1. Could you identify the single residue in B:LEU304, B:LEU291 that is assigned to a loop (DSSP other than H, G, I, E, B) and either surrounded by 22 or more Cβ atoms within 10 Å (Cβ to Cβ) or out of contact with any Cys (no Cβ under 7 Å at 6 or more places or on another chain) (or both)?
2. Could you check region A:40-84 and list, in sequence order, the residues that are facing chain B (nearest Cβ under 10 Å) and either outside any loop (DSSP other than H, G, I, E, B) or within 30 Å of B:LYS8 (Cβ to Cβ) (or both)?
3. Evaluate the following for A:GLY374: is it outside any helix (DSSP H, G or I) and either buried (at least 19 other Cβ atoms within 10 Å of the Cβ) or of a type in the set (S, T, N, Q) (or both)?
4. Could you go through region B:3-17 and let me know if any residue there is charged (D, E, K, R), away from chain A (no Cβ under 13 Å), more than 23 Å from A:ILE128 (Cβ to Cβ) and touching a residue at least 24 places away in the same chain (Cβ under 8 Å).
5. Scan (1) touching a residue at least 60 places away in the same chain (Cβ under 8 Å); (2) hydrophobic (A, V, I, L, M, F, W, C); (3) within 14 Å of another protein chain (Cβ to nearest Cβ) for the single condition A:ILE143 breaks and write down its number.
6. Please return the ranges of strands (runs of 3 or more DSSP E) entirely within region A:118-196 where 1 or more residues are buried (at least 21 other Cβ atoms within 10 Å of the Cβ).
7. Is there a residue being aromatic (Phe, Trp, Tyr), touching a strand residue (DSSP E or B) at 6+ places or on another chain (Cβ under 8 Å) and either crowded, with 18+ Cβ neighbours inside 10 Å or at pLDDT 95 or above (or both) anywhere in region A:61-80?
8. When you go through (1) of a type outside the set (A, V, I, L, M); (2) away from chain B (no Cβ under 14 Å); (3) within 19 Å of the chain's Cα centre (by Cα) one by one for A:THR193, which number turns out not to apply?
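The values are calculated or read from the model by the stated rules, or taken from the named source; none is laboratory data. Quick caveat: nothing in here was measured; it's all calculated off a predicted structure. All Cβ positions, glycine included, derive from the backbone under ideal geometry; neighbour counts span all protein chains shown.
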Amino acid sequence: MEKKAFMVNMIQSELEDAVGVDNVSMDPAEMFTYGVDYFWISRMWVDKGLEPPKPEFIVRPKDAKEVSKVLKIANYYKLPVHTWGGGSGSQGSALPMTGGIILDVKRMNRILDYSEVSRTITAESGAIFQHVEWYANERGYSIMHIPSCLTCGTVGGALAHRGIGIMSTKYGKIDDQCISLEVVLPNGDIINTLPVPKHAAGPDLQQIFIGSEGTLGVITKAVFKLVEIPECRKFRAFLFKDFSDGLAACREIVQKIKPSIIRLFDEAETVSIIKKVIGMERKGSFMNLAVEGLEEIVDIEMRYIFEVCSKYGGEDMGAEYGEKWYENRITFFYPGHIMNNPQMFGTMDTVATFDNIEKIYWAMKHAVEDNFEGVKFIAHCSHWYDWGTMIYDRFIVDNPPEDPEEAIRLHNQIWNEGVRAAMENGGVINDHHGIGLKLSRLMKEQYGPAMQVLEGLKKSLDPNGIMNPYKLGL
Amino acid sequence: MFTEKAIKNADACRFCWMCRHVCPVGLVTGKEINNARPKGLLVSMEPRGIPLDEYGMGTMYECCLCKACTNDCVTGYDPPVYILEARTKAVVEDSLPKNVRKVLDRALEGSMYQDSPDEKLTVRIKELPEKAEVLFFIGEIGRRSGSKVAQAYMDLLEKAKINYTSLTDEPTSGAQLGELMGHVEDVRNRASFCMERLSGIGAKTVVVLDPTDCAFFKHECAEWGILPNLEFVTATEYMWNLIKDAKIVPGKKEFSATYHDPCRLARDLEETEPARKIMEAMGIKLKEMFLNRKLTKCCGGALLHQNYPEMSKTVTEGRWGDVSWAGEKMLVTACPACAVHFQDTVPKGMESEDLFILLNSVC
């Protein structure tokens, strides 16, 4: 429905009444900046001097009550609502592709509660994750959610896309670390999931909202479990002849013990990124890991690791490279180190059982390299489970087409080929970056008839379809 | 309009969010525009055919220029480079927000502050000798709302029997004018005039009370080649040296407190320890607060306080939150601007005091 004349101002007044005059903006400069997140197409678009997608209103609520008021207004006027935390997502999930409202949650940034007895911490969804970590660290604890976006991503963002950190092999993903949520439903109702994640009270409500990317409601608060900062953390690195040997070694390790970090890089990534950032100049498949906890146990686990790596021909590279990787774990993501425009790139992370993962690696590698001339493919495995692992595989196009439409076409074709290669071999559409706008079109292929479950939820909770349209295939 | 250096920094920052967690303004306003990335994005669009407009230029003033972002960047990028150039553009194109225009007009007239220098301080300075070995450079805020800090420091110099003077007609350094309009010719001229005045006193040492002025002297003035052959030293370092030399013997003030590192002192001048040593000499038990030393958060910024007083106050209140987090009720700082901002926003049940006022009270 078109808004004529001063209708925009009428809505603006209503929003200002809900959250305060200072917390509603239609400033053109501010609106411009919400049109770019970490999604490559959004970056390419502005890099070429094109106008990004812009919201009609920027709204900054301070708590769940204000979020509720905003959603009620949005429903009445049928205004799309796009929730924005840190804006550091790579899938375009927060982009205001349909105008409407950007709901910026960063005013909701308080740490609300901390329990030494239960080892929990409660924070609002707009809190930068680093700040929550620092608070916990001061008291001798950690959530152990340490992603590369730790210093810029919000609590809500991590939950909304079902994120992961480098320590996940030991401490789990964000969905394992979260105990309960407060969510504002699209109709403005404020709900809480059950106070504990383990129960026999029906399906897990929490898991419906974690990973929902703002399509089913707005997460406003979360409770996380805390773990003690370990007595010690020991690093080691190994070099395998090839990715296959490395994969076998890592599987054997994780099926018996749980390193906090275990990262296996294929040769392409070993001779490029690893060489660049930590200076290791060898061919083969580099692996670094960390084991942590009580020192006695760490030493036993490290002995086991040595045995397994030796069995698969892994050369001990000492502790130095592992430590250096850890010190530089965030450095990788600063300008000058990270891939940047005009390169085209994407991370086609997928996850599968050990039966399928090596097959998937080669299928994706061939899908990209055989079908797209000059496109590089690098990969590493960084998050491990008893049953399988994920591949953090990236494609890089050094000289993408100049024309933006052609660039988008190529970008999406590469994604289609890569992700379908994964899905056809038992992998899933994405491991931990989410779906967003980027992969929305592939959700029905992933889920098949099961998609109706998600669609049914969406239809029931958001009958006006205002919550983050075009994202998550919903 | 933007230099190659500014665009290089803007291009680096435009898609990077990594320093978001240390921006004192963004953390309290919750506004996406209040951190380095979106400002870099807007500037980076200029060579790409979307020039920075009045709205974009206006947002550039919502920044303390505290360099928390610069300090955080592991690859050495420097957002203030393009923010300052954007401010220059705003001045050249007469696209300043109205409130900023008023502040700039005042600064061009003489000082960005509306109030006049403190009478008592002015009278006291007139009684000082015309020439001396040590010149005490007080700065704009030290002569006005921060005059108690200046007076305390002068008391200490006299207790240490230092042969010092200060300028009755002390010119502004040019630091604040530079932050308003970028480091352009007008600012250089203002700074040159200031340097000439300082050179004419016959002093060998210039003790600078306000870290913003001292950083400006040591960086911008040095780069322009207009720094005279004088020793420029921060008030904290000079005072610590007096204590070391037993010219000042502090009594004990045994209580616990937390300390706020002034951002210009900690980051621009890379000085964090003299203030701590002074506190130790006084017997103050220091509990470090969240984000200290080079990670310090800005107190609200002297210029931001003039341009956007409410925003500045919110930033200061954010820092008070860090004092609570440290579990302390007493906050000490060593900069006249910080002292004024914290005093003006002190929450109930808490206290804030300037380091030199405290030291003077026990000497």
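1. Working: B:LEU304 fails: assigned to a loop (DSSP other than H, G, I, E, B).
Checking each option against the conditions leaves just B:LEU291.
2. A:TRP40, A:SER42, A:ARG43, A:VAL46, A:ASP47, A:LYS48, A:GLY49, A:LEU50, A:GLU51, A:PRO52, A:ILE58, A:TRP84
3. Working: outside any helix (DSSP H, G or I): yes; either buried (at least 19 other Cβ atoms within 10 Å of the Cβ) or of a type in the set (S, T, N, Q) (or both): no.
For A:GLY374, the condition - outside any helix (DSSP H, G or I) and either buried (at least 19 other Cβ atoms within 10 Å of the Cβ) or of a type in the set (S, T, N, Q) (or both) - is not met.
4. Yes: region B:3-17 contains one or more residues that are charged (D, E, K, R), away from chain A (no Cβ under 13 Å), more than 23 Å from A:ILE128 (Cβ to Cβ) and touching a residue at least 24 places away in the same chain (Cβ under 8 Å).
5. Here A:ILE143 clears every test but (3).
6. A:120-124, A:178-184
7. Here is the first cut: in region A:61-80, the residues aromatic (Phe, Trp, Tyr) are A:76-77.
The next check asks that each one be touching a strand residue (DSSP E or B) at 6+ places or on another chain (Cβ under 8 Å); those that pass are none.
No; the residues of region A:61-80 include none that is aromatic (Phe, Trp, Tyr), touching a strand residue (DSSP E or B) at 6+ places or on another chain (Cβ under 8 Å) and either crowded, with 18+ Cβ neighbours inside 10 Å or at pLDDT 95 or above (or both).
8. Unmet condition: (3).
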